[in-house]
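Reading through the structure tokens given below for one structure.
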Amino acid sequence: MKKIVLASIVALAASTALMATVNTAACAACHGKNFEKHALGKSRIVANLTHDEIEDALKGYKVGKGGSMKSIMKGQIGKYSDAEIEAFSKTIGKK
């Protein structure tokens, strides 16, 4: 039991550390502080997306896929690892 609790604490700390590396201030400039806005009047509202939808979209942008915002988003998300994107995606949107 102690091993499970310890492993859970370590996993939580690791995901929190990875999430902290994503610059949410850069996100908020277009998407709003709580991800409640259509970025530049074009994007879906991120707060309404599931964690998996966010992760898929961000990973797509990273490799240059996506809608009309892909060129802007590739520059924003390209510097993050897949692990950072996964951890960050779990902190916003719906379950």
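Read the figures in this text as sums done on the coordinates, not as results from a lab. Just so it is clear, the structure is predicted and the values come from calculations on it, not from any experiment. Here Cβ is always computed from backbone atoms with ideal geometry, including for glycine, and neighbour counts include all displayed protein chains.
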When PHE35, PHE88 are arranged by how many other beta-carbons sit within 10 Å of their Cβ, fewest first, they go PHE35, PHE88
Name the lysines eligible as straight-distance cross-link partners of LYS59: C-alpha to C-alpha under 21 Å, and not fewer than 8 places from it in the same chain. LYS37, LYS42, LYS70, LYS74, LYS79, LYS90, LYS94, LYS95
Once you put a point 7 Å from the Cα of VAL63 and another 7 Å from the Cα of ILE45, both along the Cβ direction, what distance in nm separates them? 3.1 nm
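What's the ranking of 36-43, 58-65 by average number of surrounding C-beta atoms within 10 Å, highest first? Present the calculation step by step, with values, prior to reporting the outcome.
Working: 36-43: 13.5, 58-65: 16.5.
Per-residue Cβ counts within 10 Å, averaged per peptide and sorted highest first, yield 58-65, 36-43.
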